[in-house]
Structures are given as structure tokens and as C-alpha cells.
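Worksheet: the structure to be examined is printed underneath.
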Amino acid sequence: MVGKLKRLPDMTQEALKQLACLGNVAGIATLTWVHGASAEQIHATLWEAARTGLILRQEASYAFLHDRVQEAAYALIPEGERAATHLRIGRALASRTSLAELEEHISTS
């Protein structure tokens, strides 16, 4: 599966890595924050992965069609870079989350 993902364009691979860090489903708005691109750019970047049946474009989100695809996308991130990748994504999400929302998520976790 990793080999199949490596045949995709580099930008698509990067977007799939970020999607894998977010889970098996992520909203388009979340992907735009994390990827730093417009919704149109996200759609264009992920189009090839959707066309080949690796992910599914839903109304307002993208989802991996199988957990093995998500695992393979995550495996594309070098092990030494995973912590930094998660930190960058977490900071991007936190910067767009209100203090009240952060407190709510922290108290319910």
C-alpha cells in the first residue's frame, strides 16, 4: 500500500500524511487550516487519491476508505518527524480554536 501511495504526486502524499495524522476522517475546513491551502486547492490536491479509491470525498470531509490506507499514509512520515508533524498540526488547530472550545475539550477529555 505504501508503494501505491508513493506513486501519487508529492503534494497529494503530503496531504494524505496530514489527513492520516488527523484520523480516518477530517473536515475540509480542518484540512485547509492544517495544509494552509484553500478548499479548492485541497480538492485538487486530493483528487488523484479519491479517483484511485484510496479516500472518499464526502460532502464536507475526506475519509480513508480503509484503515490500511490510513496506516500506509502515516507510515510515509519518517519516524523522526512524526512528533514535529503532530505538534505543527496541533498548533495550527489550536490557533483557530477559541479559548472556550479549548477548555470544553480539555474538561471532557
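The values are calculated or read from the model by the stated rules, or taken from the named source; none is laboratory data. Everything quoted here is computed from the prediction, not taken from an experiment. Every residue, glycine as well, gets a Cβ built from its backbone with ideal geometry; the counts of neighbours run over all protein chains shown. Heavy atoms of the whole protein, side chains included, go into the accessibility calculation; ligands, DNA and RNA do not. Shrake-Rupley method; radii C 1.70, N 1.55, O 1.52, S 1.80 Å.
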Say whether the condition of being farther than 27 Å from LEU8 by Cβ and not aliphatic (A, V, I, L, M) is met by at least one residue in segment 68-84. no
Scanning segment 34-53 residue by residue, those surrounded by 19 or more Cβ atoms within 10 Å (Cβ to Cβ) and in contact with a Ser or Thr (Cβ under 9 Å, 6 or more places away or on another chain) turn out to be HIS35, ILE42, THR45, LEU46, ALA49
Flag if ILE89 is open to solvent by less than 70 Å² (accessible area, probe 1.4 Å), under 14 Å from ALA15 (Cβ atoms), out of contact with any Leu (no Cβ under 8 Å at 6 or more places or on another chain) and of a type outside the set (Gly, Ala, Ser): no
